[in-house]
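Sharing a structure here in structure tokens format.
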Amino acid sequence: MKAWEATVRKTQAAAKKRANTIFGTSYAVETEEEVGSDHEEELHASGEVYHAERFLPNGDYYTGYWSDSFPHGQGKYWWTDGCMYVGEWFKGKTMGKGTFSWPSGAMYEGNFKSGFMDGDGTYTGAIGGTYKGSWVMNLKHGFGVKDYPNGDVYEGEWSRGSQEGQGKYTWKIGTIYVGEWKNGKICGHGTMSWPNGNVYEGNWDEGLPKGNGTFRWGDGSSYVGNWSSDLEEQNGTYYPSPSQSEGGAAFEWDPQQVFTEDLKECKICPTEKIPVWPSQKKLAVWRSAKGGAEASVRHRRMSVDGRIDAGLDKDLGGMRLSDGAAPSAWISGTGMGGDGEDLCRAVAISPTPIKLPKIAKRQGETISKGHRNYDLMLNLQLGIRHSVGRPGPPPSLDLKTSAFDPKEKFWTKFPPEGSKITPPHNSCEFKWKDYCPKVFRTLRMLFKVDPADYMLSICGNDALRELSSPGKSGSFFYLTNDDRYMIKTMKKAEVKVLLRMLSAYYNHVRSFDNTLVTKYFGLHCVKLNGQKVRFIIMGNLFCTEYLIHRRYDLKGSTFGRLTDKPESEIDSNTTLKDLDLNFIFRLQKTWYQEFRRQVDRDCEFLEQERIMDYSLLVGIHFTEALTSTDHERSVTPSCRTPVDNGGSENDSVPRLSNVEQLLLDPAGWASIRLGINMPARVERTLRTNEAELQLIGEPTGEYYDVVLFFGIIDILQDYDITKKLEHAYKSIQYDPNSISAVDPKQYARRFRDYILKAFAEDR
């Protein structure tokens, strides 16, 4: 502590001396340390790694290996607030093994990646308690053991900072729970045992027994029944022990005692709060005298991962910026005296930018009065309001077999004048059919869809939007105004397939929260003027605030899998195909492992249901896309600092992206799921073999930060006689492995192999 205080005083004194000159400029006078260090920089070639000591302008101190004005190799960095990092660096980023300590006494020792605590590591809290295990971007994720300050211990799986999956929690008093967890709470099936020998085994919800369960006493007696904190829902049967049966003694016991007494001291310790994450600590940029004109640049602070600080207000000619943006004059130097003194030194050269399709306007044509499908839209909205708003018993996850019967469908007549159960309307008379309503009501609950929000999205004052052209199958697509839901018209054969596999689909999505298969919310039919229009309501994968720059439909086949549009007609709404793909999607290790497992599970499910011709829909948002003068989008990899290249007014200063801001706040992790809002990187690829069609090109080493959205769509194509004939016909002319119509088992194997090559672990 004394050494640190002495260092702080020394560096702050040097900074004060530089700032308080009679000329009022930050660098009119240089200290001996600066002159010596600048001379030292000149002695070393670009890219050379050497040992250095740096007294940084804001009072921070660094000692260790250095290269091109950044820590690179083993080194120690002291911040003026008392935080310290000792470990490995890579071009200004904490990368590899290291130790980060806080002035409170808390400490993390383990692996770092791009400034984040990432990999295996041990965190010791300021008031005691340790966590030893796996981390992902500052949060506990994977397997780990947590010793709490009060003596409790948790050992098991974590997800995004909370207990999730299988785990064991041991209280200091001796009570033990072994079973399932969700969002940091006991949830699912598990067993709790008390020191006195009592045991409860059964279902839990929100940390309390809920559903079927058995309570056993040490003497062998038991109570079996349905458990609930609500007395009206609690019921069960008591089974005495053999000794009690022989004695005939009466037994009086209130099941609510488990809630009021037995669980009274079984509270889960909350997760400790960390005041500042290592990735939030800023790294002061050293001013090097190398480069002539670059010597007079002004010091600015950077985050550890190389981004320019976005948290400082900058007063530029009456314009105050707090989001890290800057006027174009600030880049070119023309508005700041024309000498470029306010430019930051460039320390990295970006690969060649890639061109992205031009940004298209919002998808779809609004269905207004006079549109050919206006009446159909009104009928649909009336029917949804009737189906969802109709009173009924609360949905239960344990559905009876009869709920999945294809004959479980109900017709409702909607006369224009209204009826006892339907409102009057301005459209002509129509009939409305609900397929398996109990199942879809439960699915909406399972997918956490609020009924009121659901009705508001589809049946509110805002009209639906019809996509410009039908899909390859001839189906029409409609989007709700808030983009949350997509409505697709269906053929009768597709309806039969869905009803046939509905029970298996329900069990699959219930078993796997991270399933990638399409989420279905309702199956309906409108009979209008003698014609039936069947449609399915499903989630829109690309409902996001992020702009989707590129979208791909990937199957793993080559025949017909190249976009036939000329490049001039391709925009951000164009769905590209397998042979258009020129990236490898790189996911963080834990996410990639989960992705592999889920792809295997989903493909196995679809194979068992004899489904083929499905695809993985992928949307890419490039986090640093810049608008160019021709209104097309280009993207460059993560820039370190603005480049003094005499740039044009169209250049801009890099700043913290939305993704970085999301990751700096652990609460933002709640919006990240497998396939949804996933921060990742893509590596550019190049197809080198022109003699044959390559599905995956050769990696080039050019990386781009992105946010990914992906899911498996079109899961209602059965391998029926039509597809078998298509396979036989095309096999005569083309390679059978290149076409989409193949046996479900072969399709699943080919799809899985391809997807697991297109997606890889980010090492």
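Per-residue answers, yes or no, for (1) in contact with a Pro (Cβ under 9 Å, 6 or more places away or on another chain); (2) in a helix (DSSP H, G or I); (3) surrounded by fewer than 21 Cβ atoms within 10 Å (Cβ to Cβ):
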| position | (1), (2), (3) |
| --- | --- |
| G522 | yes, no, no |
| I537 | no, no, no |
| C543 | no, no, yes |
| Y552 | no, no, no |
| T563 | no, no, yes |
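Right, here's the next one. Considering only region 194-209, I want to know if a residue exists there that is part of a strand (DSSP E or B), surrounded by fewer than 17 Cβ atoms within 10 Å (Cβ to Cβ) and among the hydroxyl-bearing types (S, T, Y).
no
Also, quick follow-up: Within region 212-223, can one find any residue that is under 13 Å from V258 (Cα atoms), touching a Leu at 6+ places or on another chain (Cβ under 9 Å), without any contact (Cβ under 8 Å) to a residue 40 or more places away in the chain and of a type outside the set (K, R)?
No, there is no match, as no residue in region 212-223 is under 13 Å from V258 (Cα atoms), touching a Leu at 6+ places or on another chain (Cβ under 9 Å), without any contact (Cβ under 8 Å) to a residue 40 or more places away in the chain and of a type outside the set (K, R).
Ok, one more. For N150, work out the one condition from (1) of a type outside the set (F, W, Y); (2) open to solvent by 40 Å² or more (accessible area, probe 1.4 Å); (3) without any contact (Cβ under 8 Å) to a residue 24 or more places away in the chain; (4) touching a Cys at 6+ places or on another chain (Cβ under 8 Å) it doesn't fulfil.
N150 satisfies all of (1) of a type outside the set (F, W, Y); (2) open to solvent by 40 Å² or more (accessible area, probe 1.4 Å); (3) without any contact (Cβ under 8 Å) to a residue 24 or more places away in the chain; (4) touching a Cys at 6+ places or on another chain (Cβ under 8 Å) except (3).
Go over the candidates G115, G129, G105, G110 one by one and state the one that is open to solvent by less than 20 Å² (accessible area, probe 1.4 Å), more than 27 Å from the chain's Cα centre (by Cα) and modelled with pLDDT under 95.
Answer to the check: G129.
Among the residues of region 158-169, is there at least one that is open to solvent by 10 Å² or more (accessible area, probe 1.4 Å), assigned to a strand (DSSP E or B), at positive phi and touching a strand residue (DSSP E or B) at 6+ places or on another chain (Cβ under 6 Å)?
yes
Over 25 Å from the mean Cα position of the chain (by Cα) and of a type outside the set (D, E, K, R): which single residue out of L616, L562, L576 fits that description?
None of the other options fit; the residue is L562.
Say we look at region 704-722 and pick out the residues that are among the hydroxyl-bearing types (S, T, Y) and more than 19 Å from the chain's Cα centre (by Cα); which of these is modelled with the highest pLDDT?
Across region 704-722, the extreme among qualifying residues is Y719.
Okay, next question. Could you tell me which of the residues G220, G236 is at pLDDT below 85 and either open to solvent by 80 Å² or more (accessible area, probe 1.4 Å) or within 26 Å of E180 (Cβ to Cβ) (or both)?
G236
Taking region 74-95 on its own, how many of its residues are touching a residue at least 24 places away in the same chain (Cβ under 8 Å), under 14 Å from K113 (Cα atoms) and not aromatic (F, W, Y)?
Residues meeting the conditions: 6.
Among (1) modelled with pLDDT of 90 or more; (2) open to solvent by 60 Å² or more (accessible area, probe 1.4 Å), there is one condition E683 misses while meeting the rest; what is its number?
(2)
Residue check: is F70 among the hydrophobic types (A, V, I, L, M, F, W, C), within 25 Å of the chain's Cα centre (by Cα) and over 21 Å from E164 (Cβ atoms)?
For F70, the condition - among the hydrophobic types (A, V, I, L, M, F, W, C), within 25 Å of the chain's Cα centre (by Cα) and over 21 Å from E164 (Cβ atoms) - is not met.
From the residues in region 259-276 that are assigned to a loop (DSSP other than H, G, I, E, B) and open to solvent by 100 Å² or more (accessible area, probe 1.4 Å), which one is farthest from K168 (Cα to Cα)?
Looking at the filtered set, the residue picked out is P275.
Another question, if that's okay. Evaluate region 508-517: report whether one residue or more is in contact with a strand residue (DSSP E or B) (Cβ under 7 Å, 6 or more places away or on another chain) and either assigned to a strand (DSSP E or B) or open to solvent by 30 Å² or more (accessible area, probe 1.4 Å) (or both).
There is at least one residue in region 508-517 that is in contact with a strand residue (DSSP E or B) (Cβ under 7 Å, 6 or more places away or on another chain) and either assigned to a strand (DSSP E or B) or open to solvent by 30 Å² or more (accessible area, probe 1.4 Å) (or both).
Would you point out the residue of region 578-596, among those that are part of a helix (DSSP H, G or I) and more than 15 Å from F710 (Cα to Cα), that is modelled with the highest pLDDT?
Going through the qualifying residues, I end up with Q593.
Give me the residue from region 542-577 that is of a type in the set (A, V, I, L, M, F, W, C) and more than 20 Å from K757 (Cα to Cα) and, out of that set, modelled with the lowest pLDDT.
The extreme case among them is I570.
The values are calculated or read from the model by the stated rules, or taken from the named source; none is laboratory data. The structure displayed is predicted, hence computed values, not measured ones. Quick reminder, even Gly has a Cβ in these numbers, built from the backbone with ideal geometry, and neighbours come from all protein chains shown. Note: areas computed on protein heavy atoms with side chains; ligands, DNA, RNA excluded. Shrake-Rupley method; radii C 1.70, N 1.55, O 1.52, S 1.80 Å.
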